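One structure is given here, and the rest of the page talks about it.
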Amino acid sequence: MAYEVNSTGAVKKLRQPEARGMREGGMSASIVREHITLAVAGVHLKGDLALPAQAYALVVFAHGSGCNPKSHRNRDIARALEHAGFGTLLLDLLTADEETAEHEAMARSFEVEALASRLADSTDWLGAQATTRSLSIGYFGAGTGAAVALTAAAERPMAVRGVVCQAGRTDLAAAAMPRIEAPTLLIADSDDPTGLELNREAMTTLRCERGLSRVAGASHLLAEPGSLERVASLAAEWFEHHLPRQGAAVKAWGPGGPAHCESFRPAHRGHGP
């Protein structure tokens, strides 16, 4: 299923266009889809790249915990972002050989720092390619994938312009939190008190601009009706503000930050806690 995000952040379902080859017809422009291979750090990683004709930014999806990087949840959120004008990359941070060894892959997926290093190296690779080097980069991660995205963002502060974490295991990225410079949105399941508390603690350790939004049913799988659409809407709004077109200024929030945030804090410029 595909979605369109309008200027107010609302999401509506769209009929999925028929794909012909690697190009699909969109609302007012085409989206080019390509299976790519990234040669990074001595391994070859596979990914599905989608670039709307007028894309000015690219959202890279991170994964962890043995999750499928090309799950229906990720694909649906990616479609929403694509129809809002963003390029997307569903990147598999494990190689084909690692995935065939199921138990080994499951164990490796918990190595947040190793996967984050691959994500950071992949960001460098994107910055060197003709088709993607001019695009502002953002990360989207859910569950342990959020920890991977946060850790990689700390490793590439000049390259990553925004991060969105959904039901994130922020505790697995605790060491990286104070070093993150990219504006970060944390989306927590309002029905999960443990996860909500983890994200509230993360708000106190992050020094970058950050916001916390609560969405009913926004668990890792987004199984509740309407929760996926809401998460996609929040992500699109955050990236729209922080992944600007070349030469354009970053949009400013109104007083108090986004209306949907339970709490919002600007970047901390001092040196104390």
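Read-outs throughout are calculated quantities, based only on the coordinates presented, and are distinct from any laboratory measurement. These figures come from a predicted structure and were not determined experimentally. Ideal geometry is used to build each Cβ from the backbone, glycine not excepted, and the neighbour counts take in all protein chains shown.
Some notes on this structure:
- The H on the amide N of GLU262, modeled in the peptide plane, is under 5 Å from the matching H of LEU212, SER213, ARG214, each at least 5 residues off or on a different chain.
- In this structure, GLU262 and ALA159 have a Cβ-Cβ separation that, at R0 = 35 Å, corresponds to a calculated FRET efficiency of about 0.75.
- Rounded to whole Hz, the Karplus (6.51, -1.76, 1.60) HN-Hα couplings of segment 150-155, x for glycine and proline: 5, 5, 5, 4, 5, 6
- Ordering MET158, MET203 by the number of other Cβ atoms within 10 Å of each residue's own Cβ, fewest first, gives MET158, MET203.
- Computed lengthening from GLU197 to SER134, 0.36 nm per intervening residue step minus Cα-Cα distance: 18.9 nm
- For segment 112-123, backbone phi angles converted through the Karplus equation (6.51, -1.76, 1.60; θ = phi - 60°) give residue-by-residue couplings of 4, 5, 5, 5, 5, 4, 5, 5, 5, 5, 5, 5 Hz, Gly and Pro being listed as x.
- The phi torsions of segment 135-143, fed into the Karplus equation with coefficients 6.51, -1.76 and 1.60 and a -60° offset, translate into couplings of 8, 5, 10, x, 10, 10, x, 10, x Hz, rounded to whole numbers, with Gly and Pro shown as x.
- Built amide H within the under 5 Å cut-off of ARG207, gap 5+: ILE180
- Pairwise FRET efficiency - GLU99 versus THR205, Cβ, R0 = 30 Å, nearest 0.05: 0.35
- Net length gained if the chain between SER71 and GLU113 were fully extended (0.36 nm per residue, minus Cα distance): 12.9 nm
- Compared with the alpha-carbon gap, the fully stretched path from HIS44 to TYR56 is longer by 1.7 nm at 0.36 nm per residue.
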